[in-house]
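Here's the structure, in structure tokens; my notes come after.
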Ligand code: DQA
């Protein structure tokens, strides 16, 4: 099984950005932990973080037929992007949505995610462990 792990805007600043909310690990730390967990489970991985919505959409289009699943933290685009929802609808594989923080205990504008309508499962509030839980779930 091949899984594409996508991270949206500002997540390149993990470790520096609002660490009380998002933790002290960098995105590289998190991607390494995912890589190890996936290797243990016999799952192949590829990664993209981008601050550019069109780059994210293009990567999802390219994933069609090439990946069995996408794990995505859409970050702020969760709450704004119908285009991201539509791109994920065009992808035939499984989709898991991950948020580091529990978006439901935060500002009201974070309570709705367009992406959730396409996601098989939504993980929020487990910190970086959420990505590992998503790998385990897909590999079950
Ligand atoms: C986030 C939550 C979003 O509301 C926010 O815009 C992010 C990160 C999370 O992982 O908790 O950038 O997706």
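Numbers for the structure displayed
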| read-out | value |
| --- | --- |
| Within the range 1-21, tally of residues that are part of a strand (DSSP E or B) and more than 14 Å from the chain's Cα centre (by Cα) | 1 |
| Residue satisfying condition, being in a helix (DSSP H, G or I) and without any contact (Cβ under 8 Å) to a residue 24 or more places away in the chain, within set 24, 61, 36 | 36 |
| Filtered residues of the range 99-118 (kept if over 15 Å from the mean Cα position of the chain (by Cα), farther than 11 Å from residue 77 by Cα and in a helix (DSSP H, G or I)) | 104, 105, 108, 109 |
| Within the range 65-103, tally of residues that are more than 22 Å from residue 25 (Cβ to Cβ) and more than 8 Å from the ligand (Cβ to nearest atom) | 21 |
| Test: residue in the range 28-39 that is surrounded by fewer than 18 Cβ atoms within 10 Å (Cβ to Cβ), in contact with a helix residue (DSSP H, G or I) (Cβ under 9 Å, 6 or more places away or on another chain) and farther than 19 Å from residue 133 by Cα | no |
| Qualifying residue in the range 42-49 (condition: part of a helix (DSSP H, G or I) and in contact (Cβ under 8 Å) with a residue 12 or more places away in the chain) | no |
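Laboratory data are not the source of any read-out in this text; all were calculated from the coordinates shown. All values derive from a computational prediction rather than experimental measurement. Cβ coordinates were reconstructed from backbone atoms using ideal geometry, including for glycine residues, and neighbour counts include every protein chain displayed.
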